[in-house]
Structure formats: C-alpha cells, structure tokens
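S.K.: The structure's right below; bear with me while I get my questions together.
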Amino acid sequence: MAEEGAEGAPQKKKMSGKKLVLFIVLPLLLLGGGGAAAYFLLFKEDPKKAEAGHEGEADAAAAEEEAAAEDEAHPPVFIELPKMQANLIMTGKKQPFMVTTLVLEVGSPEEQKLVEELQPRIENEIVTYLRSLRPEDIQGAAGLQRLREELLLRVKAAAKPAKVKDILFKEMLVQQ
C-alpha cells in the first residue's frame, strides 16, 4: 500500500531548458532592454542641447544685466489711466461692477509717448477683460495677483512695440 500511495501521487516535472529560456529569461531581458531604451530616449538629456541651454542661460543673464543697466540710466515713467468701470458677470440678483484706476510703468519717456498714443486700445483690452470676470475671481490676494498678471499680459500685447513693465492698482472697488 505504501507503494501505491507513492505511485498514485503525481511527480513534479522539471522544466526543460528551452521552456525556461522562452518563458522566464527572454521576457526579463526584453523588459530590461525596453526600460533602458525608454530611460535613454525620454529622460536622458542630449549633451548638445545641454550645452546650448547653458549658453542660452548665459545670454539671458547678460541681457538681464544690460536691461538692468539701462533701467538705472532711465528712471521709470508712470502713466495713470483714467478711472474705468466695468460690469462683472452677474451671479445673484444685483449686477456687480468694478471701478478701478490703474497706473502703467514704462521704461522711458519715448515709450510713454507710444503708450499714450495706444491708450484707447489698452483701455479697451482692460475693460473687455474685466467684463469677463465674476466677483469671486478677484477676491483675496491670490485673485488680485491673477488679475494683475492677466491684465499685464493683455496690456503688453496691446501696447506693442512699447514695453510695459508693470501694472499698479491705484484704486479698486468691487460692488456686489
């Protein structure tokens, strides 16, 4: 009986060398090779691009230094825009509106003349953007900072070729 029990139990077969290579070693090699290829193609920086990037950074730093030296030669010029009023997007029963007075900072008197010539276009861009806002969009310091950044982008585009450096809020009232 002991012999029958030993004979009746299935014996474990050894895996042949071909199956071992085909099902275990080959997939591991493929995965490892694919991972290495992905690393070198996606994450490794090209040495030529790295050198060009460092040269570009040096050029940008030199340009900033030149701009800073030029700024020191000319004190900033400020242009006060007239008081602007814009209706905001209605969220309740009352129509909210905003009244603001902005000051633009430019680098030189020549740019001041250009900005003053383009002032109607600049005011149009500002009022058009303000009308697309809700009162919640400009609440708090973060909302005011976002408003300032968006206005600066639009004013820079409208004032080209003059360069507007900054926008300052002189007065702001939001009535809800």
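The values are calculated or read from the model by the stated rules, or taken from the named source; none is laboratory data. Remember, predicted model here, so these are calculated numbers, not experimental data. So basically every Cβ, Gly included, is an ideal-geometry build from the backbone, and we count neighbours across all protein chains shown.
S.K.: Name the residues in segment 117-176 that are small (G, A, S) and over 12 Å from M98 (Cα atoms), would you?
M.R.: Within segment 117-176, the first condition is being small (G, A, S), and the residues that meet it are 132, 140-143, 157-159, 162.
Scanning segment 117-176 gives G140, A141, A142, G143, A157, A158, A159, A162.
S.K.: Just wondering, is there one or more residues in segment 135-152 that are of a type outside the set (S, T, Y), touching a residue at least 24 places away in the same chain (Cβ under 8 Å), buried (at least 18 other Cβ atoms within 10 Å of the Cβ) and outside any helix (DSSP H, G or I)?
M.R.: Within segment 135-152, none of the residues are of a type outside the set (S, T, Y), touching a residue at least 24 places away in the same chain (Cβ under 8 Å), buried (at least 18 other Cβ atoms within 10 Å of the Cβ) and outside any helix (DSSP H, G or I).
S.K.: What are the residues in segment 153-162 that are free of Cβ contacts under 8 Å to residues at least 40 places away in the same chain and small (G, A, S), if any?
M.R.: Initial filter on segment 153-162 (free of Cβ contacts under 8 Å to residues at least 40 places away in the same chain): 153-154, 156-157, 160.
Within segment 153-162, just A157 meets the criteria.
S.K.: Going by what's in this entry, would V99 be described as at pLDDT 85 or above, on the phi < 0 side of the Ramachandran plot, within 28 Å of the chain's Cα centre (by Cα) and surrounded by 13 or more Cβ atoms within 10 Å (Cβ to Cβ)?
M.R.: Details: at pLDDT 85 or above: yes; on the phi < 0 side of the Ramachandran plot: yes; within 28 Å of the chain's Cα centre (by Cα): no; surrounded by 13 or more Cβ atoms within 10 Å (Cβ to Cβ): yes.
Spelling it out, it is not the case that V99 is at pLDDT 85 or above, on the phi < 0 side of the Ramachandran plot, within 28 Å of the chain's Cα centre (by Cα) and surrounded by 13 or more Cβ atoms within 10 Å (Cβ to Cβ).
S.K.: Within the bounds of segment 32-40, is there any residue that is under 30 Å from Q176 (Cβ atoms), at pLDDT 65 or above and loosely packed, with under 10 Cβ neighbours inside 10 Å? Don't jump to the end; show me each part of the working.
M.R.: As a first pass, look at segment 32-40 and keep what is under 30 Å from Q176 (Cβ atoms): none.
The answer is no; no qualifying residue exists.
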